[in-house]
1. When all alpha-carbon pairs of the chain are counted, what percent fall beyond 30 Å?
2. Compute the normalised compactness of segment 1-108: alpha-carbon radius of gyration over 2.2 N^0.38 Å, N being the residue count.
3. Treating the angle as unsigned and between 0 and 90°, give the value, to the nearest 10°, between the Cα long axis of helix 50-60 and the longest Cα principal axis of the chain.
4. Can you put 163, 98 in order, fewest other beta carbons within 10 Å first?
5. For 176, 193, which order do you get if you count the other beta carbons within 10 Å of each Cβ and list the fewest first?
6. For the chain, what is the mean residue ellipticity at 222 nm derived from helices alone (per DSSP H run of n ≥ 4: -39500 (n - 2.57); sum divided by total residues; nearest 500 deg cm²/dmol)?
7. Could you list the residues of segment 64-95 with an amide nitrogen less than 20 Å from a label point located 7 Å from the Cα of residue 186 in the Cα-to-C-beta direction?
8. So for the pair residue 22, residue 91, with labels modelled 7 Å out along Cα→Cβ, what separation do we get in nm?
């Protein structure tokens, strides 16, 4: 089985959609802003400051760039975890190490991870890794910090892009597809669920 579970943060563990919507002023604008932010991060190459990416995405989505500060503050201070996330992660942490790999700045990553309400063994940000997911550096940094080979860690993705990225460094991937996103032409993950609860079955199997 696995010695650690690594998680995407802003989709797999936290529900960030309402904040994007409210800050942008509408559901359509919020979705466009978030999509542009993801696209820019995925194609950034070496790490660019996350605040710059969010502001550029706002302009592309026709959202006033001045709202960037409101969004970043909300991402660190206002997000709520999916209802079952704190309980599931506390139970997981009794059996395996848990960590986060997230596409944002170091300060924001630490603040947002604390919103989950559990203690993580590591929180890896794109800033610390020098690159954004799905590039390999963030995933590898998490594995290095835990001293694990890729086969000993399970990555819990929140988006299809993480499936490709984590698998690319040798991890098996479990998809928390809460948002019912399409897989596209990507290789299927180990499993796909709309709740984190089924993860507990993997640690039960480990105990046996």
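Bear in mind these aren't lab numbers, they're just calculated from the coordinates by the rules spelled out. Values in this document were obtained by computation on a predicted structure and should not be read as measured data. With ideal geometry, Cβ positions are generated from the backbone for all residues, glycine too; neighbour counts draw on all protein chains shown.
1. Working: 3356 of 21528 pairs.
Counting pairs separated by more than 30 Å, the tail of P(r) holds 16 percent.
2. Working: Rg = 15.3 Å, N = 108, 2.2 N^0.38 = 13.0 Å.
After normalising by residue count via 2.2 N^0.38 Å, the value is 1.17.
3. Tilt of helix 50-60: around 50 degrees.
4. 98, 163
5. Details: 176 26, 193 15.
Ascending Cβ contact count within 10 Å gives the list 193, 176.
6. Theoretical 222 nm ellipticity from helices: -13500 deg cm²/dmol.
7. In segment 64-95, the label zone of residue 186 (backbone N under 20 Å from the point 7 Å along Cα→Cβ) covers 82.
8. My value for the distance between the label points is 3.0 nm.
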